[in-house]
């Protein structure tokens, strides 16, 4: 079915330009010159996506977006804010009122088409039994804070979405202080907190579709609650129900876990096919990793379920890799190098290194890791239409194989 896009701008030339670009892609468009007209059109025929100009006389784009979010039959449509303003405050304001994406004017036609295409992916109907395969579930965990759990989880979820060109889920289970949405520059329009008053038996997949945030690259985020009070109301049975509902509907679930073994953490660890246990090269972190491995052993997790990941997250010399492996009696699977400026900048701007437009060694590593931790059978065959990231990963693998031979 052809997607219907509503474009709102008080400049008729801008409306014509945007409509022409999108209609050439096969979309159906309707236009409005102001907020009042836009709401009337949308209520009469709800669009699949709305593109809103910010600078309009009677009702600016921020106010219009807020009204859309407050209107029940329109509240879940994707919204792109289109404006000549592009500073951080404008971006924050757009996301605060519930926008899904932000595009600067004058727009580049190819970029507009790409943003629209990504946000319309949710129109591909997902029924309760979309596939016979279950999701591949990856838990990122550490008992030691500050070692990069959220950074790795966020980049991994985003990388998997781009690698296989399908939506992956980033589930923020650091319920008290999780920042997964912030790290992807997403507004907290909905969170786990929206599930606190809904009994498990009344929860369904459609409800979760509405609550999860949507990043332009296809990653879906179930964000941590806004308050500690809401966080305390999320139970292990509720987490288990959410995992059950998302299983088979999405190819990958990535769990961003807190630094403890509360019941909700155990629920995710039990469900995971792979646990990435993070540590840094210092004594307290190694001790915490040892404690975690001991608990995993008591829980009878198979050894192959756990990958030890060493994140060299400080500049000074740390404990040698060999000594860490000897102390933990387990080999380190991956070492992530020290890149402080890149990571700090990414966290500040809400743009993970794996989504960086400039190719860097860190982005290349994260792309390779996304492939490395992909589901085994999926890695064995070349996609019919391989993504750009898949092609880069394959080319690097070819060069490494040639060099080693």
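When the residues of the range 91-102 are filtered to those that are in a helix (DSSP H, G or I) and crowded, with 17+ Cβ neighbours inside 10 Å, which remaining residue is modelled with the lowest pLDDT?
Across the range 91-102, the extreme among qualifying residues is 91.
Given the criteria at pLDDT below 95 and in the same structural domain as residue 325 (by TED's automatic domain parsing), does residue 247 qualify?
It is true that residue 247 is at pLDDT below 95 and in the same structural domain as residue 325 (by TED's automatic domain parsing).
Step by step: first the residues of the range 194-229, then only those that are in contact (Cβ under 8 Å) with a residue 40 or more places away in the chain and in a helix (DSSP H, G or I), then the one that is surrounded by the most Cβ atoms within 10 Å (Cβ to Cβ). Which residue is that?
The residue in question is 195.
A quick yes/no check of all residues on (1) closer than 22 Å to residue 307 by Cα; (2) in the same structural domain as residue 215 (by TED's automatic domain parsing); (3) touching a strand residue (DSSP E or B) at 6+ places or on another chain (Cβ under 9 Å); (4) surrounded by 13 or more Cβ atoms within 10 Å (Cβ to Cβ):
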{"position": "351", "(1), (2), (3), (4)": "no, yes, no, yes"}
{"position": "356", "(1), (2), (3), (4)": "no, yes, no, yes"}
{"position": "359", "(1), (2), (3), (4)": "no, yes, no, no"}
{"position": "364", "(1), (2), (3), (4)": "yes, yes, no, yes"}
{"position": "369", "(1), (2), (3), (4)": "yes, yes, yes, yes"}
{"position": "377", "(1), (2), (3), (4)": "yes, yes, no, no"}
{"position": "386", "(1), (2), (3), (4)": "no, yes, no, yes"}
{"position": "399", "(1), (2), (3), (4)": "no, yes, no, no"}
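For (1) outside the structural domain of residue 389 (by TED's automatic domain parsing); (2) surrounded by 23 or more Cβ atoms within 10 Å (Cβ to Cβ); (3) at positive phi; (4) at pLDDT 95 or above, each residue gets a yes or a no:
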position	(1), (2), (3), (4)
104	yes, no, no, no
111	yes, no, no, no
117	yes, no, no, no
145	no, no, no, no
153	no, yes, no, yes
179	no, no, no, no
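Taking the options 237, 265, name whichever one is buried (at least 18 other Cβ atoms within 10 Å of the Cβ) and part of a helix (DSSP H, G or I).
After applying the criteria, what remains is 265.
Determine which single condition residue 319 fails, assuming it passes every other condition in (1) more than 30 Å from residue 188 (Cα to Cα); (2) part of a helix (DSSP H, G or I).
It fails just one condition, (2).
Starting from residues that are exposed (fewer than 14 other Cβ atoms within 10 Å of the Cβ) and part of a loop (DSSP other than H, G, I, E, B), keep the ones in the range 119-129 and report whichever is modelled with the lowest pLDDT.
Within the range 119-129, the match that is modelled with the lowest pLDDT is 127.
Can you name the condition, by its number, that residue 369 falls short on among (1) more than 17 Å from residue 252 (Cβ to Cβ); (2) touching a helix residue (DSSP H, G or I) at 6+ places or on another chain (Cβ under 9 Å)?
Of (1) more than 17 Å from residue 252 (Cβ to Cβ); (2) touching a helix residue (DSSP H, G or I) at 6+ places or on another chain (Cβ under 9 Å), only one is false for residue 369: (1).
Which residue pairs have Cβ atoms under 6 Å apart, sit 6 or more places apart or on different chains, and have a first residue in the range 20-31 that is in the same structural domain as residue 8 (by TED's automatic domain parsing) and a second that is in a loop (DSSP other than H, G, I, E, B)?
Every condition considered, the pairs that remain are 27/3; 28/2.
Looking only at the range 179-193, how many residues end up being assigned to a loop (DSSP other than H, G, I, E, B) and under 23 Å from residue 364 (Cβ atoms)?
The number of residues fulfilling the criteria is 2.
Does any residue of the range 77-84 turn out to be exposed (fewer than 14 other Cβ atoms within 10 Å of the Cβ), part of a loop (DSSP other than H, G, I, E, B) and without any contact (Cβ under 8 Å) to a residue 12 or more places away in the chain?
no
Filter the range 132-178 down to residues that are within 15 Å of the chain's Cα centre (by Cα) and part of a strand (DSSP E or B), then give me how many there are.
Matching residues across the range 132-178 total 8.
The values are calculated or read from the model by the stated rules, or taken from the named source; none is laboratory data. Fair warning: this is a prediction, and the values are worked out from it, not measured in the lab. Heads up, the Cβs are rebuilt from the backbone with ideal geometry, glycines too, and the neighbour counts pull from every protein chain shown.
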